[in-house]
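Following this message is one structure expressed as structure tokens.
The values are calculated or read from the model by the stated rules, or taken from the named source; none is laboratory data. This one's a predicted model, so the numbers in the text were calculated from it and none came from an experiment. Here the Cβ positions follow ideal geometry from the backbone for every residue, glycine too, while neighbour counts run over all protein chains shown. Protein only, heavy atoms only, side chains kept; ligands, DNA and RNA dropped before computing areas. Shrake-Rupley method; radii C 1.70, N 1.55, O 1.52, S 1.80 Å.
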Amino acid sequence: MFKKLLCLALCVFMLLPVFAGCGADKDDVGQTLNLTLAEPVYDLDPAYAYRSESAMQLARMMFATLFSVDDNGKLKRTKTDLVKKYKIEDDDEQGIYRITLTLRETMWTDGSPVSAKDVLFAWTRILKPTTISDAAVLLYDIKNAYAAKNGDCSVDEIGVIAIDEETLQIDFEQPIDYKAFLLNLANPCLAPLKKS
């Protein structure tokens, strides 16, 4: 009988640390994510998130976008947006239809800066004919974007240039609805990606 009690006492003593680890720390906030997905998500690549609402929901949480949209579907500026400022040029005489985006200083999780080249890489990847991404339609206003997606020209010929690490120049063939295009840039499918 003594051996059984000793055995039971040792078991309880050994399990105490396990139960102590189960307690909730009230100061430990933000480690639980409750998420209801209507359908399975098979790919976390933002270029393919356009296919399902569940994938879009995950992409919104995982990737920072260039702009944000408010509850009424209008463009809003937040401190988490990747674009610090933008400039629209619409000059019929010179045939210049352009948006220049300046990115705010932001880092990837490895500490390297998010650059205009990362945005350019993500967009050209979507516009390649071999990439089956429904998100390409969001970029069709860009000069040669539709032709590149259809294989009629190279993705190197689209009207997007990374002028420097923080500046992206986007050219259009004709005047467009610039506000609608900026709303497209709030889509997580167009989030920058590291080439590596």
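Residues being of a type in the set (Phe, Trp, Tyr) and under 22 Å from the mean Cα position of the chain (by Cα): count how many of those fall in the range 168-189.
2
Condition (residue is of a type in the set (S, T, N, Q), within 35 Å of the chain's Cα centre (by Cα), modelled with pLDDT of 65 or more and open to solvent by 80 Å² or more (accessible area, probe 1.4 Å)) applied to the range 11-31: is it met by at least one residue?
Checked the range 11-31: at least one residue is of a type in the set (S, T, N, Q), within 35 Å of the chain's Cα centre (by Cα), modelled with pLDDT of 65 or more and open to solvent by 80 Å² or more (accessible area, probe 1.4 Å).
Would you pick out the residues in the range 160-196 that are in a strand (DSSP E or B) and either more than 16 Å from ALA47 (Cβ to Cβ) or without any contact (Cβ under 8 Å) to a residue 40 or more places away in the chain (or both)?
Those that are in a strand (DSSP E or B) and either more than 16 Å from ALA47 (Cβ to Cβ) or without any contact (Cβ under 8 Å) to a residue 40 or more places away in the chain (or both): ILE161, ALA162, THR167, LEU168, GLN169, ILE170, ASP171, PHE172.
Return the pairs, sorted by first residue and then second, in which the second residue is buried (at least 18 other Cβ atoms within 10 Å of the Cβ) and small (Gly, Ala, Ser), the first residue lies in the range 116-134 and is touching a residue at least 40 places away in the same chain (Cβ under 8 Å) and under 20 Å from MET56 (Cβ atoms), the beta carbons are less than 7 Å apart, and the residues are 6+ apart or on different chains.
Sorted first by the residue in the range 116-134, then by its partner, the pairs are ALA122/ALA191; ARG125/ALA47; ILE126/ALA47; ILE126/SER133; ILE126/ALA135; ILE126/ALA136; THR131/ALA47; SER133/ALA47.
Conditions first: (1) charged (D, E, K, R); (2) more than 19 Å from the chain's Cα centre (by Cα); (3) surrounded by fewer than 18 Cβ atoms within 10 Å (Cβ to Cβ). GLU165 passes all but one, so which condition is the exception?
(2)
Separate question: Can you tell me which residue within the range 98-151, out of those that are within 19 Å of LYS195 (Cα to Cα), in a helix (DSSP H, G or I) and β-branched (Val, Ile, Thr), is most open to solvent (accessible area, probe 1.4 Å)?
THR124
Quick check on my filter: what residues within the range 63-97 are within 20 Å of the chain's Cα centre (by Cα) and open to solvent by 90 Å² or more (accessible area, probe 1.4 Å)?
Within the range 63-97, ASP71, LYS74, ARG77, LYS79, THR80, LYS84, LYS85 qualify.
State all residues of the range 49-62 that are open to solvent by less than 40 Å² (accessible area, probe 1.4 Å) and aliphatic (A, V, I, L, M); if no residue qualifies, say none.
If the condition is that a residue be open to solvent by less than 40 Å² (accessible area, probe 1.4 Å) and aliphatic (A, V, I, L, M), then ALA49, ALA55, MET56, LEU58, ALA59 are the ones that fit.
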